[in-house]
Amino acid sequence: MHAVGLIAEFNPLHSGHQFALQKARQLSGADAVVVVMSGNFVQRGEPAILDKWQRTQLALDAGADVVVELPVTSSVQAADQFAEGAIDLLRGLNVHALAFGSEQADLDYLQLAKDLADISGSQNQFRQYNQTFATQLNEAIVQQTGQALTAPNTMLGLAYARATLAKDWPMALYPFARQGRDHDDPELDAHSASASAIRHALRQQQPVPEEVLPAATQAMIERLMPLNWTTLFPLLRYRLQTTPLSQLRAIYTMSEGLEYRLVQQLRPGHDFDAFLEAIKSKRYTYARLRRLALYTVLNLTQNEMTWAAAHPVLHVLGFSAAGRAYLHQEKKQINLPLITKVNAAMLQPDGELNLVNRADQLLENQTNRAQNYGRLPIMLRD
């Protein structure tokens, strides 16, 4: 049997994600769909709205066969690093196909990636301080290829293609046209909605049509993750007020004197949104600043993130019968640590899941529900 990969947050799982799971299997003809899913923290620099076990159950019910965790060290990243972390895990599971939704499904993503092989994606390559890194990267892409690629899922698809080249891992790519509204469209109606609009409605305790949010997801809404930037901001404030600048400087992506800016712009009465407004400049996107704020709360340093990128592990969150068969088939080919039960040693400072557990303890402290220790994969019964 062979597998197709899907990289997702499922934040939360909605009708568009159900379509993506079906499309991945249909386009590739795969026997198993392997999902690399963000853990409890997501790319935009905030906690997911449901925890990773809830979202794993929803993914399995919607057609996933294996769900592995994209750890916080990869999930809370810009597109290139996010993609490389996910491709590392698919390579570890010997998956040679990847399906993804895009606003431009007709592009040859691998060829575009080859055309851009000399653009490293390093922020040090772009030094115009009156523009964000993303803007400068987009301009470089237009100059080199003549293609204007600004839609978020198109850029992410290109990041996946570039990651397969960077990791020297051949993959068949299956882009498909996204259904529904644009990525961050705030509108919510009876037929379609973005994940952003759904999250906003849920947090405001507004109803979401079942055509948009499946019944299984609706059933879990009463257990929304209690973490958000309202609850995290006091922790960030305390960290900035009490941590020496020399230690703040060691936080991942705390570059170009940002530690001074964060401390100087901290004002009494600020909520998190006001704080972001105060530190925003043309150089940094809001997503970049939210990620930096989260790294600061979690005390994730440059050295720790570098180490984690070089030592990926496969933390299996769930599988179906087909997924179990695929894992059994590939077990001799899997060349990364495969974790199906988390023991205490894995959570220690030198353990494989130490940084994941450090982040997840924020949630455990709020809910008293273990996120890692002793947890077994969710098994979907036939």
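Going through (1) outside any helix (DSSP H, G or I); (2) modelled with pLDDT under 95 one by one, Leu336 falls short only on (2). Scanning the range 1-55 for residues that are at positive phi and crowded, with 24+ Cβ neighbours inside 10 Å yields a single hit, Phe10. Checking each residue of the range 20-33 against the condition of being assigned to a strand (DSSP E or B) and free of Cβ contacts under 8 Å to residues at least 60 places away in the same chain gives at least one match. Scanning the range 349-363 for residues that are without any contact (Cβ under 8 Å) to a residue 40 or more places away in the chain, part of a helix (DSSP H, G or I) and open to solvent by less than 40 Å² (accessible area, probe 1.4 Å), we see that the one that is farthest from Thr306 (Cα to Cα) is Asn357. Leu58 meets the stated requirement of being of a type in the set (A, V, I, L, M, F, W, C) and over 28 Å from Thr150 (Cβ atoms). Taken over the range 232-267, the criterion of being under 18 Å from Met305 (Cα atoms) and open to solvent by 70 Å² or more (accessible area, probe 1.4 Å) is satisfied by Ser246, Gln247, Arg249. All of (1) at pLDDT below 95; (2) not in a loop (DSSP other than H, G, I, E, B) hold for Met1 with one exception: (2). Annotation for the range 15-27: no member residue is charged (D, E, K, R) and under 15 Å from the mean Cα position of the chain (by Cα). Among residues of the range 60-79 that are on the phi > 0 side of the Ramachandran plot, those with a beta-carbon under 7 Å from a residue that is part of a strand (DSSP E or B) and at pLDDT 95 or above at least six positions away or on a different chain give the pairs Gly63/Val33. Selection of first residues in the range 35-58 that are farther than 20 Å from Thr367 by Cα and touching a residue at least 24 places away in the same chain (Cβ under 8 Å) and of second residues that are acidic (Asp, Glu) and in a loop (DSSP other than H, G, I, E, B), restricted to Cβ pairs under 8 Å at least 6 apart or on distinct chains, gives the following pairs, ordered by first then second residue: Met37/Glu9; Gln43/Glu9. The numbered conditions (1) open to solvent by less than 20 Å² (accessible area, probe 1.4 Å); (2) modelled with pLDDT under 95; (3) charged (D, E, K, R) are all true for Asp115 except (1). Cβ-Cβ contacts under 8 Å between residues 6 or more apart (or on different chains), taken from a first residue in the range 256-282 that is acidic (Asp, Glu) to a second residue that is open to solvent by 30 Å² or more (accessible area, probe 1.4 Å), are listed as Glu259/Leu245; Glu259/Arg249; Asp271/Thr230. State whether the residues of the range 62-81 include one that is open to solvent by less than 10 Å² (accessible area, probe 1.4 Å), part of a helix (DSSP H, G or I), under 19 Å from Val4 (Cα atoms) and modelled with pLDDT of 95 or more. Checked against the condition, which is being open to solvent by less than 10 Å² (accessible area, probe 1.4 Å), part of a helix (DSSP H, G or I), under 19 Å from Val4 (Cα atoms) and modelled with pLDDT of 95 or more, the range 62-81 yields no hits at all.
Do the conditions hold for Thr340, that is, is it surrounded by fewer than 21 Cβ atoms within 10 Å (Cβ to Cβ), of a type outside the set (Phe, Trp, Tyr) and within 23 Å of Gln57 (Cα to Cα)? The answer is yes for Thr340.
The values are calculated or read from the model by the stated rules, or taken from the named source; none is laboratory data. Treat the numbers as computed from the prediction; the structure is a model and nothing was measured. Glycine also receives a Cβ, built like all others from the backbone with ideal geometry; neighbour counts cover every protein chain displayed. With ligands, DNA and RNA removed, areas are computed over all heavy atoms of the protein, side chains included. Shrake-Rupley method; radii C 1.70, N 1.55, O 1.52, S 1.80 Å.
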